[in-house]
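The values are calculated or read from the model by the stated rules, or taken from the named source; none is laboratory data. What you are looking at is a predicted structure, and each value in this text was computed from that prediction instead of being measured. Glycine also receives a Cβ, built like all others from the backbone with ideal geometry; neighbour counts cover every protein chain displayed.
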Amino acid sequence: MLKLPAKPLNALKELIGIGIGKASASLNELMGSRIELAVPSIVALRAGEFKESDVGLSGKLASVELSFSGSFTGSSMLAFPEESAEKLVAALINEEPGTASLHAAMSGTLSEVGNIMINGVMGSIGNYSINPVTYSLPNYMEGELVDLLKIDDIPADHKIILVKSTFIIQDLQIEGSMFIVFEVCPFDNTL
């Protein structure tokens, strides 16, 4: 694991916290449920160390990914364990879990939720960037976390910063995590 300088690390945590707070307020209105947020954790490591690190999610996940480039490059992802994803979509579209219509609506519904959450966070970070940041369209994916984050496509010695923030929708017992993998970032010269 690599050590990040305290001042930029605290600034990044604050920006992410602001973005998640704004995005959660929007999602809270949509859901009608209180959302509890965990303070973001930030870890710097080499891509080859990722598989041995404990990021707290395993098994099949439903996720929405958005790539970005500009002053910093990488991808951000909102990921849910499969059961939480089904509960969230069922609550949003007022459908029973496990039905064919729920599964059909999964991609579109989670893409919208991911768009709200990811854009809140990335918008907060991007607002403080000197150069413009370009974003891709949200992409819905299912699979294991290491595959979703495409860690095997990043050279093993490449430095990445992994940001994780967990949120819980209390009334529905839904848990999701947001990951941001910076491949080129403002900290590159200090790692």
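Output the number of residues of the stretch 75-91 satisfying the condition of being crowded, with 17+ Cβ neighbours inside 10 Å, farther than 30 Å from Leu2 by Cα and not hydroxyl-bearing (Ser, Thr, Tyr). Walk me through how you get there before you give the answer.
As a first pass, look at the stretch 75-91 and keep what is crowded, with 17+ Cβ neighbours inside 10 Å: 75-81, 84-91.
Those still in the list that are farther than 30 Å from Leu2 by Cα too: 84-91.
Narrowing further to those that are not hydroxyl-bearing (Ser, Thr, Tyr): 85-91.
So the count comes out to 7.
Of everything in the stretch 112-169, what is more than 20 Å from Ala44 (Cα to Cα), in a strand (DSSP E or B) and small (Gly, Ala, Ser)? Give them in sequence order.
Gly143
Let me spell it out: the conditions are (1) more than 14 Å from the chain's Cα centre (by Cα); (2) touching a residue at least 12 places away in the same chain (Cβ under 8 Å), and Asp153 meets all of them except one. Which number is the exception?
So Asp153 meets the others, but not (2).
Kindly provide the set of residues from the stretch 59-74 that are touching a Ser or Thr at 6+ places or on another chain (Cβ under 6 Å) and buried (at least 21 other Cβ atoms within 10 Å of the Cβ), ordered by number. Step through it out loud before you land on a result.
The first filter runs over the stretch 59-74 and keeps only residues touching a Ser or Thr at 6+ places or on another chain (Cβ under 6 Å), leaving 64-67, 69-71.
Result: Val64, Glu65, Leu66.
Working only within the stretch 15-49, note down all residues that are under 20 Å from Gly114 (Cα atoms), at pLDDT 80 or above and surrounded by fewer than 19 Cβ atoms within 10 Å (Cβ to Cβ).
Hits for the stretch 15-49 are Gly17, Ile18, Gly21, Lys22, Ala25, Ser26, Asn28, Glu29.
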